[in-house]
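The values are calculated or read from the model by the stated rules, or taken from the named source; none is laboratory data. Not measured: the values here are computed from a predicted model. Neighbour counts run over all protein chains shown; Cβ positions are idealised from the backbone, glycine included. With ligands, DNA and RNA removed, areas are computed over all heavy atoms of the protein, side chains included. Shrake-Rupley method; radii C 1.70, N 1.55, O 1.52, S 1.80 Å.
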Amino acid sequence: MKQLTELDSWTILEKHAASLRHHTFTDFKKDKLHLNACAISINFNYQLYDQNTIELLIKLANDVQLKNKIHSLISGEIVNKSEQRPALHTALRIIDNSQVIVDGTDIMPDVLATREQMRLISTQIKSGKWLGYSNKPIKDIVNIGIGGSDFGPRFCIEALSKFTDPTLAYHFISDADPDSFDDVLTNLNPETTLFIVSSKSFTTQETHYNTQKAFSWFDKSTKNYKDKHFIAVTANADKAQQMGITHILPIWNWVGGRYSVCSAINLITCIAIGYEAFMTFLAGANQMDKHFYESEFHENMPVMLALTGLWNINFLHISTHLLLVYTKQLEKFVAYVQQLDMESNGKSIDNEGHFINYATGPIVWGGSGNQAQHSYYQLLCQGSHKVAGDFISLKQFDNEIINTMCKAKIKILSEGINPLDKPNGLITGGTPLNHISLESCTPTTLGSLIALYEHKVYVQGVLWNINSFDQPGVESAKAARLVSA
Ligand code: F6P
């Protein structure tokens, strides 16, 4: 099999990039690409490429059999080759009667049964029927988990704050420093607090440590406190049972930790926004899945985001990807995508076990766009490092000052400015950006946004011939830590 860089389409792209080397932003024709689907639009007009580039990138995608690889993902083939598993996060949001067969068995009955458990639990808690050991209803929900068992739920709770039940409060404990735990529990009452221990493996050190601390928070003479105050969500039910937890919701080895936001790992959001709204979150992700596997590449938002990213990384040699959000609701999206992208594609060994000779997943960073103006924008305007990125805003704020600021910054960073009276005020521009705009931040659009980035990451993994679903570096580092500890 030919290496990626040996493909004709790759060589042609390299020559094409060289031919565009002296082009500036204004040399590229506008109206290159503007896509809309699932109440999300993406404006690619601030990229440093032309229509020909897009055609060449699509040719590359065809040469690596991307269409087949998308089919492999969705149909449950073993795409996570090193761990010999499918990666079926898309099955978690199927809302029709489709079957998905893994090892000869339809997995959908288990998915639906777990959804039903989520419905019952969320209804009981919201209606005040789930009682603590002293027969008081639950008031505070605490998610204990880290990485993929924390970022997604944490992001959803903040992003959907306008939809959450205000009679309950939602908290997160992830880290092992004592303050992480103490700060959350200081003002809570054990009688009315429910813990969700979210851990796919149930062996993660930080989560185990915090769960033991949560057990100790209850008076040991209290009967049934684990039964009434703890729910585990895990693929390792035995381990949760050994720890004395009786309410256990499953996830499965075909759900990657960083791809688990549509599973019971996100039970806290289901409780907070209610089961019906949680179903619309799943429906939003499902709509994006359909767009992903049904649309032609030219019109396919995850595919075009991935190809554009690849162009910037491999042909313009820009290794950082900046995410700037112009809505408070999406601030935690940056941390979420950091894990999703960097744990999936931060790799330099290909699917055949060879070291690769091209750049892969970018360094993802960012935060609140407008706060950045008063913090690190200086580097974006005039620094010596190249940056590409996504600006994300809400259409519902199009008449608000925040979106005016977002558009102004995109214009400055892409077009540049040359103040004749102030030579050191020169901003050269040429920062390749996507402007991603959600109609508004609802459970549905949030589901679509998450699926958009999940699929972008998968497509890039396919193009780079790496496995986006394992994390062997993290595992090695963990093993080394244990040996040296
Ligand atoms: O150590 C990294 C990691 O394995 C992530 O991939 C994962 O999301 C996180 O730890 C938490 O893992 P778990 O859900 O098994 O506790």
Fraction of antiparallel bridges per DSSP, the chain only, in percent to nearest 5: 30
Top positive-direction residue, dipole computed over the chain with Cβ charges, set 60, 202, 44: 202
Solvent-accessible surface (1.4 angstrom probe) belonging to residue 387, in square angstrom, nearest 10: 20
Spin-label model distance (nm) - residue 480 vs residue 405, 7 Å beyond Cα toward Cβ: 4.2
Residues in the stretch 334-362 reached by a label modelled at residue 82 [backbone nitrogen below 19 Å; 7 Å Cα→Cβ]: 338-362
With every protein chain in place, the stretch 400-453: carbon and sulfur % of accessible area (1.4 Å): 60
Potential lengthening between residue 241 and residue 378 on full extension [0.36 nm per residue; Cα-Cα distance subtracted]: 44.0 nm
Cα shape, the stretch 189-280, gyration tensor, a/c 1.5 rule: oblate
Surface share of carbon and sulfur [accessible, 1.4 angstrom probe, percent] for the stretch 113-184: 54
Accessible area of the stretch 229-303 divided out per residue, in Å², using a probe of 1.4 angstrom: 29
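Which value, in Å², gives the accessible area per residue of the stretch 63-209 when a 1.4 Å probe is used on the protein heavy atoms?
45
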Accessible area of residue 439 in the full protein assembly, 1.4 Å probe (Å², nearest 10): 90
Accessible area in square angstrom per residue, the stretch 375-485, 1.4 angstrom probe: 44
Partner aspartates and glutamates for residue 81 [C-alpha distance under 19 Å; skip if fewer than 8 residues away on the same chain]: 103, 341, 343, 350, 352, 454, 470, 475
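In deg cm²/dmol, rounded to 500, what helix-only [θ] at 222 nm does the chain give when every DSSP H run of at least 4 residues adds -39500 (n - 2.57) and the total is split over its residues?
-13000 deg cm²/dmol
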Filtered trypsin sites (Lys or Arg not before Pro), the stretch 349-447: DSSP coil and at most 16 other beta carbons within 10 Å: 386
Shape call, the chain: gyration tensor on alpha carbons, a/c limit 1.5: prolate
Per principal axis, descending, Cα span of the stretch 422-485 in whole Å: 57, 42, 27
Listed pairs 15/69; 136/223; 228/478; 2/200; 59/456; 332/409 exceeding 25 Å between Cα atoms: 15/69; 228/478; 2/200
